[in-house]
1. How far apart, in nm, are two points set 7 Å out from the Cα along the Cα-to-Cβ line at SER59 and at ASP238?
2. Which order do the peptides 113-125, 238-250 take when ranked by the mean count of other beta-carbon atoms within 10 Å per residue, highest first?
3. Distance in nm between label sites at GLU201 and ASN30, each 7 Å beyond Cα in the beta-carbon direction?
4. Quick one: angle between helix 142-154 and the longest Cα principal axis of the chain, in degrees between 0 and 90, rounded to 10, please.
5. Label point 7 Å out from GLU226 along Cα-to-Cβ: which residues of the stretch 189-209 have amide N under 20 Å?
6. When ligands, DNA and RNA are left out and all protein chains stay put, how many square angstrom of accessible area per residue does the chain have with a 1.4 Å probe?
7. Quick check: net charge around ARG23, other residues with Cβ under 10 Å of its Cβ, Lys/Arg +1 and Asp/Glu -1?
8. Let a ≥ b ≥ c be the square roots of the eigenvalues of the Cα gyration tensor of the stretch 57-184; is it rounded (a/c under 1.5), or, if not, prolate (a/b larger than b/c) or oblate?
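The values are calculated or read from the model by the stated rules, or taken from the named source; none is laboratory data. What you are looking at is a predicted structure, and each value in this text was computed from that prediction instead of being measured. All Cβ positions, glycine included, derive from the backbone under ideal geometry; neighbour counts span all protein chains shown. In case anyone asks, the SASA skips ligands and DNA or RNA and just uses the protein heavy atoms, side chains included. Shrake-Rupley method; radii C 1.70, N 1.55, O 1.52, S 1.80 Å.
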Amino acid sequence: MIAQPVIAIEGVTVRFGGTEALRDVTLHVNAGEFCALVGPSGSGKSTLMKLVNRLVVPSAGAVRVRGRDVGQEAAPVLRRSIGYAMQSVGLFPHRTVADNIGTVPRLLGWDAARIARRVEELLALLRLDPGMATRLPRALSGGQAQRVGIARALAADPDILLMDEPFGAVDPITRRELRAEMRRIHAETGKTILLVTHDPEEALELATHVVVLRDGRIEADGAPAELVAPDAAPFVRDLLGGGQPGLRWLSLLPARGALDPRPAPAGAPVLARDASLADALSRLAESGDEAVAMEGEAGSVRAEGILGARR
Ligand SMILES: Nc1ncnc2c1ncn2[C@@H]1O[C@H](COP(=O)(O)OP(=O)(O)OP(=O)(O)O)[C@@H](O)[C@H]1O
């Protein structure tokens, strides 16, 4: 049996009055994928995401979630089954953190003890202090509020999570921490995640599957390293490459793939086993050595091996 995509957007066009926000878009997202939607402002990213929980209805084409046409399901039931986190967070200001997180479980009729246990679990998962449960949203920092927003989206353990710029309003350090949390949560829970982001680095770092939109169409769709490889389309490389697509590409390729049987010279820097080719290059540049070692490996990584990854 062929696995069915969890999210299937089939030939969808969305018109808002005279604007065509999406034009004949087809996208399949499989279970457990972390799919990032990127593209210039106005290219249709949020519209595409909102098709999934029926906040937007297609003008043509079909949207299926878990094999069922979303138009056939009651919107509130569909929305309760899909986690949704967004940049503005949208926490209820007069409800405590615990009440905010418990919103969907309450709607689903969970009993108070079960909700309390779940809130506790989620605070721990998002690395929030348990004492925060009784605070009101105004007593949280921006980063804490975004974590609570993500906890709320995860509360009823949905298999699908939609995230629209969920780390938008925080400083770069908190953003990096939240990204690491999301990577961990994805690895631990295996949820299907759809993420809209303006940050190409975020998309490349988190996603298993990146979708590039341009003027309401899918311009490219693939694994992160494919989209910044030297043979990728120039528009896509420019959008994702951050001015240095070559380095970004190397940052997505494992240094292990360039291991050379020759040992590194004594005292050479040692790379972690999950280091990228860009990490290896950076260590070579810093140390001035001809080779770097790798944890647990007898061989070394050398400049010629890094450049050889191109071929
Ligand atoms: N409810 C709406 N009514 C009218 N036009 C809309 C509506 N929602 C989106 N649009 C238009 O559809 C197009 C795509 O918008 P969308 O929000 O999907 O883009 P985006 O890629 O998410 O943009 P951004 O990165 O700026 O958030 C834009 O031209 C936008 O103005």
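1. 2.7
2. Per-residue Cβ counts within 10 Å, averaged per peptide and sorted highest first, yield 238-250, 113-125.
3. Rounded to a tenth, the inter-label distance reads 3.0 nm.
4. 70
5. Under 20 Å, as judged by backbone N against the label point of GLU226, lie 192-197, 200-209 of the stretch 189-209.
6. For the chain, the solvent-accessible area averages 47 Å² per residue.
7. Charge balance near ARG23 sits at -1.
8. In terms of gyration-tensor shape, oblate.
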